[in-house]
Structures are given as structure tokens and as C-alpha cells.
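For reference, the structure discussed in these notes is given below.
The values are calculated or read from the model by the stated rules, or taken from the named source; none is laboratory data. On a predicted model such as this, the values are computed, not experimentally measured, just so you know. Cβ coordinates were reconstructed from backbone atoms using ideal geometry, including for glycine residues, and neighbour counts include every protein chain displayed. Please note that ligands, DNA and RNA were not included when accessible areas were found on the heavy atoms of the full protein model with its side chains. Shrake-Rupley method; radii C 1.70, N 1.55, O 1.52, S 1.80 Å.
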Protein chains: 2
Amino acid sequence: MTQTMTANGIDVQALIETTEAIKGDDSLAEFTFRARSTWEEGTYNGGEIGTFTHAGSEDQSRAAAFALHGDEPPVLLGANRGPNAVELLLQGLAFCYAVGFAANAAAKGIEITRMEYEVEGDLDVHRFLGLDGQRPGFTAIRARGYVSSPNASREQLEELCQYVQDTSPVRDSLVNPVPVDTTLEVV
Amino acid sequence: MTQTMTANGIDVQALIETTEAIKGDDSLAEFTFRARSTWEEGTYNGGEIGTFTHAGSEDQSRAAAFALHGDEPPVLLGANRGPNAVELLLQGLAFCYAVGFAANAAAKGIEITRMEYEVEGDLDVHRFLGLDGQRPGFTAIRARGYVSSPNASREQLEELCQYVQDTSPVRDSLVNPVPVDTTLEVV
């Protein structure tokens, strides 16, 4: 199989070089990502995703921070000025799977012509509202991918789907416990 | 303390009515939220957060789906056309804490005049790149809140911060394992 330098829009040469560089210097694999929120009123917040730390240095590639908006629907006391917090987790899982699939397919010479994910999660708000109930977070998440490839077998794509699950940062952060340290400053 | 119907922009009367309604009918607490992604090229995906299911029915309150964009920075083979997948998790945690804080403060008659969250998470991409290493997801997340209130003591705000952590859907989905079922359709 001939592998071009770019596959699925992924720069395969850069992917290989990045991987090789990390083999020689573990610190190149270390990232600290960030997000900020500023409360506006009620359930509405502005969000900001700007710089991150890579290998101990601040990444300067973003000309400006990304602006997000978070809100609840009316049934949860908001005005739909943005998606809500738990929906962002589901969106993150969809994006994570898609990036993993596209990049790993490219590395294996598998061409992707279509890829969509539908993710849904069940949640019960008893605990959020201060009532007795099951856990406050998602009790189950289901993700379904739809992928087309002109040069890979069903078996190859299913194997890739499993590999992507095993190495997905977002899936791992959901299926395995992440320590979350929370502090408050009264200002 | 006199409690107005609206506090911190939260309709307290609606909050009480919602809580009472759920006490009478558990199914009113049940939600299924959704997100979709459509792959564009490389690490770039379009995202869509539209309707959700509440108590067995499709919510119709959103005139249109929210459009999101996900991408990676150049160091992770993208072009910064949007925040990446793991950054959305951090943004979700910030929004979740803020909504929980504003709503529960309102229920307690605590007025909030300023609230910001800074969230950061450490992640190592060895496993994502197919190399041996620690878990692919976040190894640690740190959240720091900054809150001002003209009528609450530091102790009351710290107690509220703990309560919000204990009942936060996003925090719970990170600190405790969520089952994620992933399927692939070859199309």
C-alpha cells in the first residue's frame, strides 16, 4: 500500500515525527489544558478556552481564545442560550472518537470518506435538585459511529474502532475515575 | 430573610415547583441528552447539540441545534478551528459548577455578584499515539472557583461549594466510572 504524506487530512509525516520525538523525550507528551467560565446570570455562563501548556511551555498557536456559551433549557430553569454542561461531555466524546479514528486510520493507510457519531447519555436530576436518588452524573452513555471507507474491510474498521476506544482520552476520563480537586476563593 | 421569586437570575419559584413535581413523579427527573459530530477533515469536526428527551418526551424548546466546532492545535496535527475534545470536558465542569452554585445559592437566599471558574487538567498523549504510557485520559483535574456574595459568610460559601461538588453531574461523571457503550456501523 502506498501511503501518501497526508491521509484523511492528517499530516502522516508529522504524526510519525511527533511520535518519534516523544519516544526520545517523554516530556513532549505532557499537556495541561484549561477552560474558564464567567457567570452572567441564572444558569447562563460565558466560557473561554485559550492557551494550554505543552512540555512545560505555553502554546502560542491560538490567535484568540475560543468563546463558548453554556445555559440550561427552560425545563432546567434556563433560556437555551447555549448547550448545557453535560451535553458538552457528550460532544467531547464524539469529537475524541472522530479525531482518534481519523488519525489512526491515516497512520494505517485507511481512507475515510464519511464519519459521524451520535452520542447520548442518561441522567437523573434527583440528586442535582437535592432529592434522594441515584448518582448525579450519567448512568449510561451510548456512542454510535457511522463510518465509510473505500479501502478497508469491516473487520479492519471494527478493529480500529476498538483501538480508538482503548486509547481515547475522553472515554478513559469517563469510564475510569479522574481525581478532581476543587477549591473556592471568596473574593 | 426575605426571598424574592427570582434570585441570581434563577426563578426560585419554578425551582421549588420542579422539585415538588419530581417528588410526585420520579420520571420527571429523567433526561437523555445528545450530541452529534460530523467529520470534515483531519482533526476537524462539526458538532451539533439539539433536542433531548425529558420524561419520555422530546423537548421542543430549542429553535435550532447548537453548532460547535472541534479541532486540535497544530502540535496535535490540527489547525485550531475549535477547542479540542478534552478541553470541552473541562469547560463542562466549569459550567456545571457555576449552574449548581447559582441555583443552590438562590434556593438558600444567597446572593452572588461574581463567579468565575478556572479548570485545568493534565494529560499525557503517549497512549493516544500508540506508545506505552499512563492512562490516555486526564490524570488530574483542578478547579478553582472565585465567588463574591454580599450576604453570605465564607463558611456558608464553602459549605455550598462542597454541596455543589457532591451533586454535580459533570464532576460525578469524571470522579466515578460511567459505562460507555460504543458501536460502529460501516456504511
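Couple of notes before you dig in:
- Solvent-accessible area per residue for the protein assembly as shown (1.4 angstrom probe, square angstrom): 40
- The local environment of B:Val147, defined by Cβ-Cβ distances under 9 Å, has a net charge of -1 under the rule Lys, Arg +1 and Asp, Glu -1.
- Membrane-span-like helices in chain B, defined here as complete DSSP H runs extending at least 24 Å along the helix axis by their C-alpha atoms with mean Kyte-Doolittle hydropathy no lower than 0.0, are B:85-107; this is a sequence and geometry rule, not a statement about a membrane.
- Net charge, B:Asp124 excluded, C-beta distance under 10 Å - Lys, Arg +1, Asp, Glu -1: -1
- Only Lys, Arg (+1) and Asp, Glu (-1) charged, at Cβ; chain B dipole about Cα centre in debye: 320
- Per-q log10 I(q)/I(0), the stretch B:1-149, q = 0.12 Å⁻¹ (Debye; single scatterer per alpha-carbon; no solvent): -0.77
- Assigned charges on the beta-carbon of Lys, Arg, Asp, Glu; the stretch B:79-187 dipole about Cα centre (debye): 180
- Taking each DSSP H run with n ≥ 4 as -39500 (n - 2.57) and averaging over every residue of the protein assembly as shown yields -10000 deg cm²/dmol at 222 nm.
- In this label model, A:Ala79 and B:Glu155 are separated by 3.7 nm, measuring between points 7 Å along each Cα→Cβ vector.
- Accessible-area composition of chain A, carbon plus sulfur, in percent [1.4 Å probe]: 47
- Interchain or long-range residues, amide H under 5 Å from B:Arg62's placed H: none
- Where B meets A: accessible area buried, both sides, 1.4 Å probe, Å²: 12000
- Inter-chain Cβ neighbour count for B:66-75, averaged per residue, equals 6 (cutoff 10 Å, partner chain atoms only).
- Residue-wise HN-Hα coupling along the stretch A:173-187, computed from phi with Karplus coefficients 6.51, -1.76, 1.60 (Hz; x: Gly, Pro): 5, 9, 7, 10, x, 10, x, 10, 9, 10, 10, 10, 10, 8, 10
- Computed from point charges on the beta carbon alone (+1 for Lys and Arg, -1 for Asp and Glu), the dipole magnitude for the stretch A:146-187 about its Cα centre is near 160 Debye.
- Here the gap between A:Thr51 and A:Glu185, fully extended at 0.36 nm per residue and compared with their Cα-Cα distance, gives a gain of 46.0 nm.
- Applying 1/(1 + (r/R0)^6) with r as the Cβ-Cβ distance of B:Arg114 and A:Glu20 and R0 = 51 angstrom yields a FRET efficiency of 0.60.
- Per-residue shielding of A:111-120, expressed as the average number of other chain Cβ atoms within 10 Å of the residue Cβ, stands at 5.
- The share of alpha-carbon pairs in the stretch B:99-157 lying farther apart than 14 Å comes to 65%.
- Where a label projected 7 Å from the Cα of A:His69 along Cα→Cβ would reach, residues of the stretch B:66-81 with amide N under 16 Å: B:66-69
- Globularity index of the protein assembly as shown, i.e. its alpha-carbon radius of gyration over 2.2 N^0.38 Å: 0.99
- Rounded if a/c under 1.5, otherwise prolate or oblate - the stretch B:34-104, Cα gyration tensor axes: oblate
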